[in-house]
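The values are calculated or read from the model by the stated rules, or taken from the named source; none is laboratory data. Every value quoted in this text rests on a predicted model; they were computed, and no experiment measured them. Note: ideal-geometry Cβ built from the backbone for every residue, glycine included; neighbour counts use all protein chains shown.
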Amino acid sequence: MPVVLLLDIDDVLVLPVGYKRGIPATLETFTRRLGWEIPMPTEADIEWFEASGVTSEWDSTAICLAGLLLEAARLDEDWIVPDFEEAMARLAARALDSAQIRPNYVAWVKAAGEAAQPGERPSQAAWQLWRREALPQLPRPEALEALLKILLANTHHLSCPTTAVFQTWMVGSRAYQEAYGRPAPIEVTRGLLEEDRPLLTREGARALIHVWYEGRLAPAFYTLRPSRPPLKEPAPPRPVYSPEAELAARQIGLEDWPPVGLGRLFWLAETVGLQENPSKPHLIHGMAAFASAIASVDGIPEPHALQSAYETLQIGTLIGPLAEWAEFPWHVVLVEDSVKGIQGVFRTVRRLYELGMSVRLTVFGVAPHPGPKAEVLEAYADRLVPSVNDVVDEIVRLCRNG
């Protein structure tokens, strides 16, 4: 039975030091501007964000800043205007006592994660949730709603203030300007992504490469990291097209494997006119990763494979390469540290089975230590492991023995 290996990147293959430091760094950029001294989200808080299904830092950072602004609205209303930059300037001039600001980052992000519907970003769910429950109790609700919209309605664009600052922290000011063709909003000499550390050992990478060379393994990265589109054409200057998945792949020596990150997904969404958020747990992300993995070893152009994945879902029958691959039984192996990623691939495998493909799934959940993430993952994974290196030998065995 051929093996399709889908690998998450962050906290599975690399330790995302940069992303985790980017959340407090971005929030501090704004709170210092306001003259506030308040606690920032801790690593434990960020683990709770991920356990709640909010794995995009663009979403969680925007939700946290929006929550802080709503706290400020409870204390003072004179700064509240619908223009974000003017509101920040007025709020800074008010010199509020930051000791009265009560950050509740985990509660804010967790509520958004629980409220998000399939295909909806948690940041958008937070906007709708606060519109219903918080704004009617606060002064100047229409102006506050406009501010929330700026922060939460589209965190995957550089028009979102927190996303623009976060991306600058990730890649540095110079690389930001080169990637997006616009000045960086702040000065950052060295991007935080340079601090990421590989988790997969060199020996583990070599073992996986060996079975890949033997033609026994069809791999792809199944990640929420930004990535390049599948084509070699220049990408539009949007955050989703930053080559951050490719950077991680190079760090672990697997740069020849397809990174099905946000660049691939948003390229596909724009090509076919999909209006929903295509990232996991959306079914299209798992289907695209499955198709890209097999296409990478079958000589099929990745754009063709991605489009066949979308058409299969739309029409309800196996299309193109997916129809050709249906003659083989497939074993999908997922190594993942988030519940929504597992849910997305589970739905993918179930849909492929319903459409007539012989396919089964094995899930290895990665949780390096006891905690909320481990507790949640245990209910979804076939086996919980502390590291990806603990499953490399088993993956190799499955490739060779079925």
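Brief remarks follow.
- Residue count for segment 2-40 under the criterion of being of a type in the set (S, T, N, Q) and more than 25 Å from N104 (Cβ to Cβ): the result is 0.
- Helices (runs of 4 or more DSSP H) completely within segment 65-137 that count 2 or more residues being in the same structural domain as S159 (by TED's automatic domain parsing) and touching a Pro at 6+ places or on another chain (Cβ under 6 Å): 105-115
- Subset of segment 253-264 (residues that are closer than 22 Å to V54 by Cα and in contact with a Lys or Arg (Cβ under 9 Å, 6 or more places away or on another chain)): P259, G261, L262, G263, R264
- Yes/no for E37 being of a type in the set (D, E), surrounded by fewer than 21 Cβ atoms within 10 Å (Cβ to Cβ) and not in a helix (DSSP H, G or I): yes
- Check on R206, surrounded by fewer than 16 Cβ atoms within 10 Å (Cβ to Cβ) and either closer than 30 Å to D337 by Cα or among the aromatic types (F, W, Y) (or both): yes
- Among the conditions (1) part of a loop (DSSP other than H, G, I, E, B); (2) touching a Pro at 6+ places or on another chain (Cβ under 8 Å), A245 misses just one, which is (1).
- Verdict on T31 being touching a Leu at 6+ places or on another chain (Cβ under 9 Å), in contact (Cβ under 8 Å) with a residue 60 or more places away in the chain, farther than 21 Å from G261 by Cα and surrounded by 24 or more Cβ atoms within 10 Å (Cβ to Cβ): no
- Subset of segment 202-231 (residues that are part of a loop (DSSP other than H, G, I, E, B) and more than 21 Å from P329 (Cα to Cα)): T223, L224, R225, P226, S227, R228, P229, P230, L231
- Filtered residues of segment 264-298 (kept if of a type in the set (A, V, I, L, M, F, W, C), over 19 Å from L318 (Cβ atoms) and not in a loop (DSSP other than H, G, I, E, B)): L265, F266, W267, A269
- Pairs with Cβ under 8 Å, 6+ apart, first in segment 376-394 and among the polar types (S, T, N, Q) and at pLDDT 95 or above, second assigned to a loop (DSSP other than H, G, I, E, B) and crowded, with 17+ Cβ neighbours inside 10 Å: S387/L199; N389/L199; N389/L200
- Boolean, T55 is assigned to a loop (DSSP other than H, G, I, E, B) and within 19 Å of A126 (Cβ to Cβ): yes
- Within segment 187-219, tally of residues that are among the hydrophobic types (A, V, I, L, M, F, W, C) and either modelled with pLDDT under 95 or closer than 17 Å to Q251 by Cβ (or both): 7
- All conditions but one from (1) under 28 Å from E324 (Cα atoms); (2) surrounded by fewer than 20 Cβ atoms within 10 Å (Cβ to Cβ) apply to A309; the one that does not is (2).
- Residues being farther than 19 Å from S338 by Cα and among the acidic types (D, E) - total across segment 35-59: 1
- Restricting attention to segment 347-363, the residues that are over 19 Å from L398 (Cα atoms) and of a type in the set (G, A, S) add up to 1.
- Qualifying residue in segment 134-141 (condition: more than 16 Å from R74 (Cα to Cα) and over 17 Å from the mean Cα position of the chain (by Cα)): no
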